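The values are calculated or read from the model by the stated rules, or taken from the named source; none is laboratory data. Values in this document were obtained by computation on a predicted structure and should not be read as measured data. FYI the Cβ positions are ideal-geometry reconstructions off the backbone, even for glycines, and counts take in every protein chain you see. Side chains included, ligands, DNA and RNA excluded: accessible areas come from the protein's heavy atoms. Shrake-Rupley method; radii C 1.70, N 1.55, O 1.52, S 1.80 Å.
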Amino acid sequence: MYDNNPTLTGKNKTVDESRQGEVFYDEALADGKKRFYIESYGCQMNFSDSEIVASILSDSGFAPTRNVEAADLILINTCSIREKAEETVRKRLREFDKVKQQKPETMVGVLGCMAERLKTRFLEEEKLVDMVVGPDAYRDLPKLLEVVGEGEKGVNVFLSKEETYADISPLRLDSNGVTAFISIMRGCDNMCSFCVVPFTRGRERSRDCFSIVAEATELFERGYREVTLLGQNVDSYKWENPETGQVVTFAQLLEMVAHVHPDLRVRFSTSHPKDITDEVLYTMARYDNICNYIHLPVQSGNSRVLKLMNRTYDREWYMDRVKAIYRILPDCAISSDIIAGFCTETEEEHRDTLSMIEWANYSMSYMFFYSERPGTLAARKLKDDVPEEVKKRRLQEIVRLQNQVSFKHNQADIGKTFKVLIEGNSKRSDQDFKGRNSQNKMIVFPKKHGLKPGDYVLVKVESATSATLRGHIVEN
Ligand code: SAH
Ligand code: SF4
Ligand code: F3S
């Protein structure tokens with residue numbers, strides 16, 4: 001989900017030429033039109049935003065291209081979550097600089113969280129940038145492009161309390177035609193002390209539930225079979241119908257989307273441990289098409305550190321939520337985000353995180369060492385005093401343990417049969433399909449005649465590594 005996941009970085013996506021033939025990228029369709037090239041970094045929200053940007057641009061006469069050299073407009077949708085994420089973006093801008101030297105009329109725009117964090121400073125720091133656009137200002141892109149066309153710099157970094165892009169139908173970029181993301185809310189009102197997101201994304205707001213259901217329905221009709229509802233904290237989704245005053249909660253929204261069609265799988269991310277309710281878990285239990293998978297980031301297994309992080313739950317509260325999940329949804333897989341070496345963390349506190357990984361039995365985790373972000377509560381109030389080599393060693397211990405736990409988790413699936421949604425060819429061989437089970441585990445299996453991406457099959461698992469399951473179709 002995050003910038004350090006190589007399979008999701010924009011750069012990797014652009015080198016995947018396997019879907020060049022897709023109508024959307026058909027160069028013939030772009031005849032006479034200006035072309036835009038977009039690359040995305042960071043979380044799924046950012047990838048989802050790029051599809052909104054693509055939709056806005058195509059409405060104003062631009063066509064997408066995968067070839068950066070052919071682009072009239074190069075966009076980079078950026079992430080600020082860790083220092084490394086920002087460094088990656090700056091490195092990429094150096095490469096765009098070379099393109100611009102060959103073709104000086106090429107426009108370069110920076111979108112997303114780094115644009116919001118640095119604002120006009122970006123124009124001073126990076127001379128090649130023509131446009132800086134924050135996450136709530138994408139509707140302004142056509143106007144900003146005109147400004148740039150007149151030789152000025154285009155900047156809009158206003159954050160909105162209302163913008164949800166509810167009426168914009170995203171142009172699905174790099175789609176497999178089977179799975180899609182739907183943004184259900186924007187921003188974040190939690191003030192986790194390490195986190196830059198409340199500053200780059202602004203206040204939390206929920207999107208009209210009917211527009212969400214309409215988007216899911218349209219996707220299903222176009223052949224999609226899985227939607228992931230996205231938000232920084234989906235459990236605090238709350239939409240008030242302006243006409244009736246009726247309030248829709250996340251549990252109710254889940255149910256509405258589950259009703260779109262029994263063959264449309266529903267996933268969601270991210271859940272916050274302080275907000276996930278039993279009602280959500282019971283709703284998941286009632287619908288076969290709501291997947292048995294919850295991403296429930298713990299960040300740290302120690303209550304003192306959690307307090308410093310301002311996560312507003314402690315170890316006991318988190319354990320209670322995990323117990324509720326396994327009680328109400330015995331087959332549910334849980335994954336996590338973990339930060340190693342947060343301010344003042346001791347060895348003993350670090351060991352609480354290790355013990356949590358084993359106790360919660362995470363199927364997988366995204367793991368990071370703490371990276372101080374300017375302007376956050378932690379940067380202002382706490383000392384980033386764990387030496388880098390200690391942070392890295394702790395992270396290594398966390399990664400090693402999580403790999404062992406994932407391996408055991410996957411080994412326990414050997415001999416079991418799962419309903420798998422086929423997503424496409426496996427990375428290694430076009431003789432094999434890949435797809436996920438309800439628990440979000442990737443399963444690779446030999447193809448069978450007549451089956452295609454978007455079909456469901458029953459697959460019996462015969463072997464497993466810490467990352468993937470392998471099996472064979474037992475019925476179709
Ligand atoms: N809204 C989600 C997380 C979004 S950011 C949630 O609350 O769980 C994704 C992950 O990046 C976080 O869960 C955290 O583990 C990590 N992260 C955020 N800020 C960080 C920082 N300053 N240093 C290291 N990791 C960080
Ligand atoms: Fe950041 Fe916390 Fe909001 Fe997640 S819930 S985006 S970690 S402030
Ligand atoms: Fe990064 Fe912004 Fe997402 S900081 S993780 S792209 S919300």
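Quick check, is Thr270 β-branched (Val, Ile, Thr) and within 16 Å of ligand 1 (Cβ to nearest atom)? I'd like the intermediate steps shown before the answer.
Values: β-branched (Val, Ile, Thr): yes; within 16 Å of ligand 1 (Cβ to nearest atom): yes.
Yes: the conditions hold for Thr270.
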Exercise. Among the residues of segment 76-87, is any away from ligand 3 (no atom under 13 Å from the Cβ), touching a Lys or Arg at 6+ places or on another chain (Cβ under 9 Å) and in contact (Cβ under 8 Å) with a residue 60 or more places away in the chain?
Worked result: no
Problem set entry | Test: Thr88 is within 16 Å of ligand 1 (Cβ to nearest atom) and open to solvent by 50 Å² or more (accessible area, probe 1.4 Å) | yes
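Residues that are assigned by TED's automatic domain parsing to the domain that holds Tyr318, basic (Lys, Arg) and open to solvent by 30 Å² or more (accessible area, probe 1.4 Å): does segment 342-361 have at least one? Walk me through it before giving the result.
Initial filter on segment 342-361 (assigned by TED's automatic domain parsing to the domain that holds Tyr318): 342-361.
Okay, now just the ones that are also basic (Lys, Arg), so 351.
Filter once more, so that each one left must be open to solvent by 30 Å² or more (accessible area, probe 1.4 Å): 351.
Checked against the condition, which is being assigned by TED's automatic domain parsing to the domain that holds Tyr318, basic (Lys, Arg) and open to solvent by 30 Å² or more (accessible area, probe 1.4 Å), segment 342-361 yields at least one hit.
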Exercise. Which residues, counting only those in segment 186-201, are touching a strand residue (DSSP E or B) at 6+ places or on another chain (Cβ under 7 Å) and either more than 9 Å from ligand 2 (Cβ to nearest atom) or more than 18 Å from Ser269 (Cβ to Cβ) (or both)?
Worked result: Arg186, Phe194
Seminar exercise, completed: Filtering segment 169-224 down to residues that are open to solvent by 30 Å² or more (accessible area, probe 1.4 Å) and within 13 Å of ligand 3 (Cβ to nearest atom) yields Phe181, Phe199, Glu204
Seminar exercise, completed: Counting only residues that are part of a helix (DSSP H, G or I), more than 30 Å from Pro262 (Cα to Cα) and among the hydroxyl-bearing types (Ser, Thr, Tyr), segment 171-218 contains a total of 1
Seminar exercise, completed: Restricting attention to segment 380-402, the residues that are outside any loop (DSSP other than H, G, I, E, B) and either in contact with a helix residue (DSSP H, G or I) (Cβ under 8 Å, 6 or more places away or on another chain) or within 15 Å of ligand 3 (Cβ to nearest atom) (or both) number exactly 5
Exercise. Based on what the data block shows, is Met284 part of a helix (DSSP H, G or I) and surrounded by fewer than 21 Cβ atoms within 10 Å (Cβ to Cβ)?
Worked result: no
Exercise. Does Lys381 count as modelled with pLDDT under 95 and of a type outside the set (A, V, I, L, M)?
Worked result: no
Exercise. Residue check, Cys113 against (1) in contact (Cβ under 8 Å) with a residue 40 or more places away in the chain; (2) touching a Leu at 6+ places or on another chain (Cβ under 8 Å), all met but one. Which one?
Worked result: (2)
Exercise. What do you reckon, is Ile443 open to solvent by less than 10 Å² (accessible area, probe 1.4 Å), within 19 Å of Cys291 (Cα to Cα) and touching a Leu at 6+ places or on another chain (Cβ under 6 Å)?
Worked result: yes
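With respect to Tyr326, determine if the residue is without any contact (Cβ under 8 Å) to a residue 12 or more places away in the chain, of a type outside the set (D, E, K, R) and away from ligand 2 (no atom under 16 Å from the Cβ). Walk me through it before giving the result.
Details: without any contact (Cβ under 8 Å) to a residue 12 or more places away in the chain: yes; of a type outside the set (D, E, K, R): yes; away from ligand 2 (no atom under 16 Å from the Cβ): yes.
For Tyr326, the condition - without any contact (Cβ under 8 Å) to a residue 12 or more places away in the chain, of a type outside the set (D, E, K, R) and away from ligand 2 (no atom under 16 Å from the Cβ) - is met.
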Seminar exercise, completed: Given the conditions (1) more than 15 Å from ligand 1 (Cβ to nearest atom); (2) surrounded by fewer than 23 Cβ atoms within 10 Å (Cβ to Cβ), every one holds for Glu372 apart from (1)
Problem set entry | Total residues in segment 147-170, condition assigned to a strand (DSSP E or B) and either modelled with pLDDT under 95 or small (Gly, Ala, Ser) (or both) | 1
